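Working notes for the structure below.
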Amino acid sequence: MNTAIHFRRVLLAGGALALAACATVPPPPTDALQAADISITNAENDHAADYAPLEMRTAHEKLSAARADSQQSDAQMVMRARPLADEARAEADLASAKAHLAKAEAINLELQKNGNALRNEIQRGSGG
């Protein structure tokens, strides 16, 4: 009988430890939040909102949601923060890429116009 009581106590203690481990709230994903912050700042410096407003708005919204989730006392909510922060970073990086692409296309168009104008000048000068 003594072993049965001892076994129950060990089982109860193990169960209590398992429940306590499940109930602990993980630390907020500060690295992912900081990476998203940096990407959004870089995108803002690239004036990405002028070229990709939807992506920038989505990045800000997801980062805000990630910050809010990371402050919760519910472990599931805190665990949702990292993927949201990663998505915010990806949206900001996409916005930056779109801004760079739009700027490159504008430069390319300007160079084409200048090339055409130069060709026209050469043709007029050579009488052609």
Give the number of residues within region 70-95 that are more than 13 Å from Ala36 (Cβ to Cβ) and part of a helix (DSSP H, G or I).
6
Criterion: modelled with pLDDT of 95 or more, more than 15 Å from Leu94 (Cα to Cα) and either outside any helix (DSSP H, G or I) or basic (Lys, Arg) (or both) - qualifying residue of Arg67, Arg57:
Arg67
When you scan region 51-87, how many residues do you find that are closer than 22 Å to His100 by Cα and either of a type in the set (Gly, Ala, Ser) or in contact (Cβ under 8 Å) with a residue 40 or more places away in the chain (or both)?
5
Output for Cβ contacts, cut-off 9 Å, separation at least six or different chains, first residue closer than 30 Å to Ile40 by Cα and modelled with pLDDT of 90 or more in region 99-128, second small (Gly, Ala, Ser) and not in a helix (DSSP H, G or I), reads Ala99/Ala52; Ala102/Ala52
Residues that are over 42 Å from the mean Cα position of the chain (by Cα) and on the phi < 0 side of the Ramachandran plot, drawn from region 82-128
Ala117, Leu118, Arg119, Asn120, Glu121, Ile122, Gln123, Arg124, Gly125, Ser126, Gly128
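The values are calculated or read from the model by the stated rules, or taken from the named source; none is laboratory data. Nothing here was measured: the structure is a model prediction, and the numbers come from that model. Counting neighbours? That spans all protein chains shown, and the Cβs are built from the backbone with ideal geometry, glycine included.
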